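S.K.: To start, I am sharing the structure in question, which I have written as structure tokens.
The values are calculated or read from the model by the stated rules, or taken from the named source; none is laboratory data. Worth saying up front: this structure is predicted, and the values here are computed from it rather than measured. Methodologically, a virtual Cβ is constructed for each residue, glycine included, from the backbone with ideal geometry; neighbour enumeration extends over all protein chains shown.
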Amino acid sequence: MRKLLIIIAIAALFGIADSAYLSYAALRDLPLPCTLLDGCNEVARSPYSKVFGVPLALYGLLFYAAVGGLALAALASPRRVLLSLIKFFALLGFLLSIYFTYLQAVKINAFCIYCLASAAFATIIFACSLFLKAPETPAAPPNSPVI
């Protein structure tokens with residue numbers, strides 16, 4: 001389980017870097033360099049790129065920071081509640097990534113390499129979370145008779 005949490009933390013770190021860059025570009029209204037795919041700026045300027053006026057990348061930054069923090073906390077103390085939260089956020093992030101990829105393919109008709117990278121990080125986190133198991137609680141020692 002330790003290796004899975006380390007992979008989750010590393011994927012979250014990459015997600016933080018990706019989301020931080022996209023957030024910075026969105027807040028400064030900077031164009032995105034897009035060498036592998038042509039649609040980065042189309043996606044970034046689409047009406048789907050903001051929710052309640054906030055760039056999606058900022059939500060992504062919060063998501064990756066939360067998952068990364070939870071993974072680090074679980075490495076220190078693998079409590080059931082931490083693992084459950086990781087699984088919840090991992091599922092949420094994965095489902096939203098599927099939806100955002102759908103939007104790129106069907107509604108926007110353009111793909112952003114940074115968004116696809118984020119979807120890959122969310123998928124790695126989700127896949128690892130499927131194999132997280134809470135540590136076994138040690139059985140209580142039998143009551144020993146008092147002598």
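S.K.: With the condition kept exactly as written, say whether any residue in the range 12-27 is β-branched (Val, Ile, Thr), modelled with pLDDT of 95 or more, surrounded by 15 or more Cβ atoms within 10 Å (Cβ to Cβ) and within 21 Å of Leu96 (Cα to Cα). Write out each step before concluding.
M.R.: Of all residues in the range 12-27, those β-branched (Val, Ile, Thr) come to 16.
Checking the rest, the ones that are also modelled with pLDDT of 95 or more come to 16.
Going one step further and asking which of them are surrounded by 15 or more Cβ atoms within 10 Å (Cβ to Cβ), we end up with 16.
Restricting the remaining residues to those that are within 21 Å of Leu96 (Cα to Cα) gives 16.
Yes, some residue in the range 12-27 is β-branched (Val, Ile, Thr), modelled with pLDDT of 95 or more, surrounded by 15 or more Cβ atoms within 10 Å (Cβ to Cβ) and within 21 Å of Leu96 (Cα to Cα).
S.K.: Can you tell me which residue within the range 120-138, out of those that are buried (at least 18 other Cβ atoms within 10 Å of the Cβ) and modelled with pLDDT of 95 or more, is nearest to the chain's Cα centre (by Cα)?
M.R.: This residue is Ala122.
S.K.: Which residue pairs have Cβ atoms closer than 6 Å, lie 6 or more positions apart in sequence or on different chains, and pair a first residue in the range 26-40 that is in contact (Cβ under 8 Å) with a residue 60 or more places away in the chain with a second residue that is surrounded by 11 or more Cβ atoms within 10 Å (Cβ to Cβ) and of a type in the set (Gly, Ala, Ser)?
M.R.: Partner pairs satisfying both residue conditions: Leu32/Ala25; Leu32/Ala44; Gly39/Ala110.
S.K.: Can you name the residue in the range 46-64 that is without any contact (Cβ under 8 Å) to a residue 12 or more places away in the chain and hydrophobic (A, V, I, L, M, F, W, C) and is also surrounded by the fewest Cβ atoms within 10 Å (Cβ to Cβ) among such residues?
M.R.: Phe52
S.K.: Mind checking which residues of the range 84-102 are in contact with a Ser or Thr (Cβ under 8 Å, 6 or more places away or on another chain) and among the aliphatic types (A, V, I, L, M)?
M.R.: Ile86, Ala90, Leu91
S.K.: Anything in the range 73-100 that is of a type in the set (S, T, N, Q) and crowded, with 17+ Cβ neighbours inside 10 Å? List them, or say none.
M.R.: Result: Ser97, single match.
Yes/no per residue for (1) part of a loop (DSSP other than H, G, I, E, B); (2) under 29 Å from Lys133 (Cβ atoms); (3) in contact with a strand residue (DSSP E or B) (Cβ under 8 Å, 6 or more places away or on another chain); (4) among the charged types (D, E, K, R):
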{"site": "Leu22", "(1), (2), (3), (4)": "no, no, yes, no"}
{"site": "Ala26", "(1), (2), (3), (4)": "no, no, yes, no"}
{"site": "Pro33", "(1), (2), (3), (4)": "yes, no, no, no"}
{"site": "Asp38", "(1), (2), (3), (4)": "yes, no, no, yes"}
{"site": "Tyr48", "(1), (2), (3), (4)": "no, no, no, no"}
{"site": "Leu62", "(1), (2), (3), (4)": "no, yes, no, no"}
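S.K.: Moving on to the next point. Could you say which residue among Val43, Val67 is in contact with a Cys (Cβ under 7 Å, 6 or more places away or on another chain), under 21 Å from Phe94 (Cα atoms), in contact (Cβ under 8 Å) with a residue 12 or more places away in the chain and not small (Gly, Ala, Ser)?
M.R.: After ruling out the rest, the residue left standing is Val43.
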